[in-house]
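Participant: Supplied in C-alpha cells, the structure appears directly below.
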Amino acid sequence: MDTYHRGITAGRESTLRRHTHYSAEFRAEAVRLAETSGQSIRSVAMDLGISNESLSRWIEQSKEHPAGTPLDDEERAELEALRARVKVLETEREILRKAAAFFASETERTR
C-alpha cells in the first residue's frame, strides 16, 4: 500500500513524495543482508533501492524485538483479545452481508 504526503523543505512545500510500505519478509531480509554482507548500511540500502534511514530503523527495531521472540503475557493477552474481536467483526460483517442481500431481494419483489 502506498501513501502520499507533502514534505516541508526550508519553509516551502516540496513535491509529493511516495512512501512505499515494505512487507515484513522484505524488511527481515534487508536486515539480514545488512548484518551479514559485510557492506555498509548505506551500500545495502542503495542495492535494495531503499533509504539508509529506513534500513537503519529496521535494524534497530529488529534488535528491540528479534524475530521468533516469544510473546510476553501482556502481548499474548492482547493478541487473544484482538483475535476474539476479529471473530466478532467477521460475524457481524457476515450478518450485514446477508441482511443487505435479503433487503435487496425484497426491494426487487416490491417493484
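Participant: So which pairs qualify, if the first residue must be in the range 19-31 and exposed (fewer than 10 other Cβ atoms within 10 Å of the Cβ), the second must be among the charged types (D, E, K, R), the Cβ gap must be under 9 Å, and the two must be at least 6 apart or on different chains?
Facilitator: HIS21/ASP2
Participant: Filter the range 64-80 for residues that are part of a helix (DSSP H, G or I) and either surrounded by 10 or more Cβ atoms within 10 Å (Cβ to Cβ) or touching a residue at least 12 places away in the same chain (Cβ under 8 Å) (or both) and give the result. Lay out the reasoning, then the answer.
Facilitator: Our first condition is that a residue be part of a helix (DSSP H, G or I); within the range 64-80, this holds for 64, 73-80.
If the condition is that a residue be part of a helix (DSSP H, G or I) and either surrounded by 10 or more Cβ atoms within 10 Å (Cβ to Cβ) or touching a residue at least 12 places away in the same chain (Cβ under 8 Å) (or both), then GLU75, ARG76, ALA77, GLU78, LEU79, GLU80 are the ones that fit.
Values quoted throughout were computed directly from the atomic coordinates according to the rules given, and no laboratory measurement underlies them. Keep in mind that what you see is a predicted model, and the values were worked out from it rather than measured. Note: ideal-geometry Cβ built from the backbone for every residue, glycine included; neighbour counts use all protein chains shown.
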